[in-house]
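Take a look at the structure below.
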Amino acid sequence: MTLRFYDSATAEVRDFEPLVPGTASVYYCGATVQGSPHVGHVRSAIVFDQLTRWLAYRGYETTVIRNVTDIDDKILAKSAASFEPDFVPEGTYIPREPWFALAYRYEQEFETAYEVLGVQRPTYEPRATGHITEMHELITRLIERGHAYPAEDGSGDVYFDVRSWPAYGSLTRQRIDDMQAAADVEAEFRNRKRDPRDFALWKGHKPEDPETASWPSPWGRGRPGWHLECSAMVTKYLGPRFDIHGGGLDLRFPHHENEMAQSTAAGDGFANFWMHNGMVTFEGEKMSKSVGNVISPAEMLELASPRVVRYYLGQAHYRSVLDYRPTSLTEAAAAVERIDGFIAKARAAVQRPAHDGGRPASAGTGTGAGQAAVPEAFAEAMDDDLNIPQALAALHDTVRRGNTALAAGPDAGETARVAESLSEVLAMTAVLGLDAAGGHAASWASSPDSTAHRALSTLVDTQLAARAAARAAKDWAAADAIRDALAAAGIAVEDSSDGAAWSLAAPTPSSAQSAPTNRTGA
């Protein structure tokens with residue numbers, strides 16, 4: 001099946017035909033680092049991480065750019081609000097936390113959230129403040145083409161003339177006269193514009209702003225407008241035309257509309273596809289701090305493991321609304337538990353010594369999406385506009401088939417089917433990034449040959465041997481005490497006719513992540 005995506009600009013699902021065969025160029029809007037990441041930021045990052053993982057699986061050499069907006073009205077306002085008026089001479093700007101330090105602090109919070117939830121690092125992550133020269137060049141091109149103008153009052157502002165560009169509004173299918181006026185920091189800015197919908201490309205320096213938040217320009221000292229930043233950065237790293245531009249649905253207007261207008265008006269082809277992910281709601285309502293129905297990624301990670309949080313945030317179709325309910329993480333944990341339970345048991349089955357009816361430890365363990373194939377149903381779902389719900393259905397179907405083969409017993413034929421299912425499950429979880437969430441913990445859990453796993457296995461097997469001896473002596477209290485002690489340490493024990501199997505407790509909103517199972521005759 002041909003890879004197909006929904007293009008917001010044309011409002012249709014189209015075949016993905018990269019501009020350069022065998023490659024894919026992707027830009028998606030990253031953080032404006034004026035505060036801690038919220039759940040919408042993280043959902044968007046996971047969506048485009050799933051997209052780029054799938055492009056890579058399909059063999060495209062993928063370049064991914066995710067920007068950081070580190071100069072912005074809100075960043076300056078938060079920095080300014082941090083000073084202590086009683087100790088500041090009148091007319092002097094002495095922030096407790098400079099704007100650039102505040103931006104960097106929040107940028108690190110975003111990077112931590114991305115890493116914990118298994119979002120791959122982009123090819124490059126440019127900061128807006130590092131691309132002032134490119135912004136000046138873009139503004140100059142727009143002025144020369146008659147699509148931008150400096151304010152006549154000498155303020156240093158430069159605006160995009162929306163009525164000079166007939167295609168303005170095409171991304172969101174709006175008429176200019178029906179649009180709201182562009183947001184201004186101060187009311188007097190409106191008198192500098194030819195049309196209230198004109199938006200700022202460059203903002204002249206104001207006396208109350210720090211000098212460090214301004215740069216020299218042909219129009220006077222100032223700083224860039226928000227929309228200009230992305231156009232300059234994406235063009236620098238992906239060229240005047242590229243494959244995919246992504247971001248949250250809330251960015252379509254005015255941000256992406258203005259990006260597309262200023263770039264195409266300057267003569268750039270810009271994005272071939274526009275992809276937008278849906279919002280996250282709280283029990284059907286928009287999240288709002290004033291209402292008190294907001295849950296942050298940090299709060300989710302206090303309730304559940306990173307893999308459970310990633311599963312929840314990545315389980316819906318990317319264009320749909322994702323609704324959070326108090327039971328959402330519990331339901332996601334149950335789904336991850338089913339996957340991990342099968343992986344643990346399947347690894348034990350395919351690694352059982354051959355004389356015990358199993359296969360050698362090296363056979364059938366799977367190596368991820370790069371070397372193991374995903375099932376056809378999963379591939380068809382992902383090719384069809386990144387249909388994650390259908391892809392997850394294929395994943396859970398494979399888990400069920402694998403569990404059926406496990407239940408049938410350890411004969412060679414069933415073990416081969418278990419190994420096949422395991423390989424497919426590992427390939428699918430790699431594509432979905434479920435093997436990456438949680439950082440080192442997830443990597444450890446998927447690596448039974450690691451030093452950490454071998455050390456823990458020795459310790460746990462010693463306890464299980466002691467438990468087996470207690471059970472043989474009918475000392476049930478001692479056997480139960482050992483099992484309870486292991487459970488308290490996050491080790492789950494499952495008894496069967498083949499002996500006792502252990503694993504790290506399956507991920508739930510209050511437990512650790514799962515690990516490969518070891519089996520002993522206890």
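The values are calculated or read from the model by the stated rules, or taken from the named source; none is laboratory data. Values in this document were obtained by computation on a predicted structure and should not be read as measured data. Neighbour counts run over all protein chains shown; Cβ positions are idealised from the backbone, glycine included.
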Item checked: Qualifying residues in the range 81-108 (those that are crowded, with 18+ Cβ neighbours inside 10 Å and more than 16 Å from G30 (Cα to Cα)) - the one modelled with the lowest pLDDT -> P95
Checklist line | Residue list for the range 32-77, filter: in a helix (DSSP H, G or I) and over 13 Å from the mean Cα position of the chain (by Cα) | finding: W54, L55, A56, Y57, D73, K74, I75, L76, A77
Check: Among G269, G292, which is the only one that is free of Cβ contacts under 8 Å to residues at least 60 places away in the same chain and in contact with a Pro (Cβ under 8 Å, 6 or more places away or on another chain)?
Finding: G269
Next item on the list: Please state which one of A361, A373 is assigned to a loop (DSSP other than H, G, I, E, B) and at pLDDT 90 or above.
Entry: A373
Check: Within the range 258-273, can you find the residues that are of a type outside the set (S, T, N, Q) and more than 23 Å from the chain's Cα centre (by Cα)?
Finding: M260, A261, A265, A266, G267, D268, G269, F270
Notebook entry, point to check: Would it be correct to say that A408 is more than 22 Å from the chain's Cα centre (by Cα), surrounded by fewer than 22 Cβ atoms within 10 Å (Cβ to Cβ) and modelled with pLDDT of 95 or more?
Noted result: no
